[in-house]
Amino acid sequence: MKAKAFDTVVFKRILKYAQPYRWRFNSVIAFAVSLSVFAALRPYLLKLTVDNYIKTHDGQGLLLYIILMGVVLLLEVLSQFYFVLWANWLGQDIVKDIRIKLFKHMLSFRMQYYDNAPVGQLVTRSVSDIEQIAKIFSQGLFMITSDLMKMVVVLLFMFYMNWQLSWIVVLAMPVLVFFTRIFQRKMQVAFEEVRNQIANMNTFVQERVTGMKIVQLFHREAIEAEKFSQINDKHRKAWVKTILYNSIFFPIADIISSLTLGFVVLYGGIRILHGDHFTTFGDLFSYTMFIGMLFNPLRQIADKFNEMQMGMISANRVFDIIDTQDQIQDTGSVEAPVFKGHIEFKKVHFSYIENEEIIKGINLEVKAGQTVAIVGATGAGKSTIINLLNRFYEISAGSIYIDGRNIKEYTLESMRKQIAVVLQDVFLFADTILNNITLRNPSISREHVMEAAQKIGVHDFIMSLPGGYDYNVKERGVMLSSGQRQLIAFLRAYVSNPSILILDEATSSIDTHSEELIQSATDKITRGRTSVVIAHRLATIVKADQIIVMDKGLIVEQGTHTELLNISGGYYKNLYDSQFLSSLE
């Protein structure tokens with residue numbers, strides 16, 4: 001959607017964020033008023049000095065007015081200082097509030113939203129776009145208000161001093177306004193293109209840096225560099241347009257200002273030489289300052305309006321995300337008690353894409369304290385079961401129950417606190433091992449983590465690292481092997497003491513030693529609690545109380561390992577035999 005030249009709806013919405021800082025907002029306006037008065041007073045005092053004291057050789061009066069002009073200048077400087085300081089301070093407080101609101105809103109989105117939203121674009125909205133909103137106050141609204149006030153006060157002084165010379169200036173102003181308006185329209189379109197290209201560049205760079213290993217493994221450096229060069233060139237061209245418009249407008253504005261000053265001096269000088277008394281040398285001196293004070297703000301308003309327009313465009317993008325209602329509806333009112341762990345799926349249907357069902361009306365029961373394994377080919381719907389149980393996605397039809405109560409009746413926070421998940425693709429933050437385990441939960445102490453690590457046999461591995469539990473694993477845990485990351489994730493789930501434990505392909509990408517540690521720990525952590533294990537390697541689930549076999553979104557077989565092997569030609573038996581034979585080769 002194309003942005004308006006000035007979107008009053010967006011502007012009013014931004015101003016609402018200034019309400020908690022109303023006293024500071026009003027103070028900035030007050031400083032803008034005082035600044036305009038003091039700025040316009042200086043040229044008027046210069047006129048009085050020239051006409052009343054320099055012309056009459058009154059040294060004492062000259063000294064008095066010089067001191068007076070110094071005092072006015074000091075007051076103007078102080079007004080300027082507090083005006084700029086508080087305007088920027090207000091802008092930063094407002095964007096702080098908007099950024100917090102945006103981030104909290106993003107935390108509540110369903111996983112499906114992040115499946116479709118480019119990460120780089122969200123980063124742009126959360127950082128640079130929001131920072132641009134601050135300029136609405138620091139470079140836009142208040143600066144424009146101050147400039148307009150200064151122009152009004154200057155015009156009042158000019159007409160009070162000499163209305164004839166003032167009309168020359170006033171008649172020249174519509175010409176500058178005309179060019180300013182054209183400039184604003186062109187820059188609005190150009191800046192919108194700049195913001196689009198910045199978002200595209202952020203998205204591209206973020207994805208390539210994250211996937212740098214793939215880029216280098218498949219020798220795509222030259223190809224990706226060429227793609228980046230093309231995106232960068234589009235970004236450059238977008239900025240060049242803004243540079244071009246500035247290069248055209250500001251010389252035109254300078255010419256109009258200079259010509260106006262020339263006409264005033266020429267007309268006033270001729271009248272003085274002919275003995276007319278409608279003007280004085282003091283008027284001409286002061287008008288050389290007044291014209292600059294009148295035309296420079298008018299010229300700069302265009303530039304400041306552009307800053308404001310960029311802020312409005314950025315605000316519109318940010319508000320689009322804030323207005324997005326893509327959350328899991330946390331309408332539950334029941335605080336989940338400590339779960340026994342009885343899980344039921346009743347006629348559950350689900351699809352990521354409309355009319356393309358992934359889960360096709362399954363019925364599934366996991367009794368409290370059981371260890372249930374789910375197996376099947378890629379795309380069968382195994383991981384989707386976990387996503388639905390955690391309410392990362394909303395089911396299309398049917399119901400899911402824990403301990404006999406529909407999971408929608410529980411509050412999300414209380415329910416998820418009792419479900420721990422270990423994923424195949426472990427995500428670790430650029431932080432210490434301890435913080436990645438506790439996720440900075442103050443109720444989980446270092447001693448508790450170390451005790452848990454010793455129980456599952458991970459303590460020695462952690463202590464072998466430089467710094468032990470304080471070892472920083474860097475972004476996404478790159479300083480650890482996949483097996484080590486998996487062990488950290490397992491310990492993270494263990495210390496949370498969950499009522500329901502989910503292992504999603506948790507041993508599919510680790511070495512034999514790590515797998516032995518995981519299997520040993522699994523026996524301890526699953527004892528007495530409901531566990532759901534998703535695995536490709538069937539050797540890891542032979543002890544499961546129940547094995548669910550899925551194919552194309554349906555449960556095709558169900559039973560213990562022994563029972564399923566006794567089904568001649570069964571899906572599980574074929575899968576097990578193929579894995580067993582491949583391990584012998």
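The values are calculated or read from the model by the stated rules, or taken from the named source; none is laboratory data. Owing to the predicted nature of the structure, the values given are computational and were not obtained by experimental measurement. Positions of Cβ are generated from backbone atoms using ideal geometry, with glycine treated the same way; all protein chains shown enter the neighbour counts. Areas reflect the complete protein model, heavy atoms only, side chains present, ligands, DNA and RNA absent. Shrake-Rupley method; radii C 1.70, N 1.55, O 1.52, S 1.80 Å.
Observations on the model:
- Cα gyration tensor category, rounded, prolate or oblate, for region 7-52 with a/c compared to 1.5: oblate
- Solvent-accessible area per residue for the chain (1.4 angstrom probe, square angstrom): 50 Å²
- Reachable aspartates and glutamates, given that their alpha-carbon falls under 12 Å from the alpha-carbon of K360 and they are not under 8 places away in the same chain: D551
- Percent of beta bridges antiparallel (DSSP, the chain, rounded to nearest 5): 50 percent
- In a fully extended conformation the segment linking E451 and R185 would gain 89.2 nm over its present Cα-Cα distance, using 0.36 nm per residue.
- Where a label projected 7 Å from the Cα of V478 along Cα→Cβ would reach, residues of region 396-439 with amide N under 14 Å: 428-431
- Rounded, prolate or oblate (a/c below 1.5 giving rounded, otherwise prolate when a/b exceeds b/c) for region 350-390 by Cα gyration tensor: prolate
- Euclidean distance between Cα centres, region 115-141 to region 144-216, Å: 18 Å
- Averaging 1/r over each pair of different alpha-carbon atoms in region 364-506 and inverting the result gives 16.6 Å, the Kirkwood hydrodynamic radius.
- Counting only Cα atoms, the chain measures 122, 46, 46 Å along its principal axes, largest extent leading.
- Unit charges at the beta carbon, dipole of the chain: most positive-side option, V265, I223, M106: V265
- Column: log10 I(q)/I(0), Debye, Cα scatterers of region 106-157, q = 0.19 Å⁻¹: -0.73
- Using bins of 5 Å that start at zero, the share of Cα-Cα pairs per bin across region 187-232 amounts to 5, 20, 25, 20, 13, 8, 6, 3, 1, in whole %.
- Compactness of region 191-306, expressed as Rg and Dmax over alpha-carbon positions, Å: 26.5, 88
- Label positions at S108 and W239, each projected 7 Å from the Cα along the C-beta direction, are separated by 3.8 nm.
- Members of K101/K417; K12/K234; K96/K227; K96/K186 lying beyond 26 Å, as alpha-carbon distances in this model show: K12/K234; K96/K227; K96/K186
- Prolate/oblate/rounded call for region 362-448, Cα gyration tensor, a/c under 1.5 rounded: prolate
- Using equal-weight Cα scatterers in the Debye expression, the normalised intensity of region 25-158 in log10 at q = 0.15, 0.16 Å⁻¹ is -0.81, -0.86.
- Mean projected area (nm²) of the alpha-carbon convex hull when region 285-442 is viewed from all directions: 17.8 nm²
- Alpha-carbon radius of gyration plus Dmax, which is the widest Cα pair, for region 79-130 in Å: 15.4, 51
- The portion of the accessible surface of region 67-198 made up by carbon and sulfur, rounded to a whole percent, is 71 (1.4 Å probe; DNA, RNA and ligands excluded).
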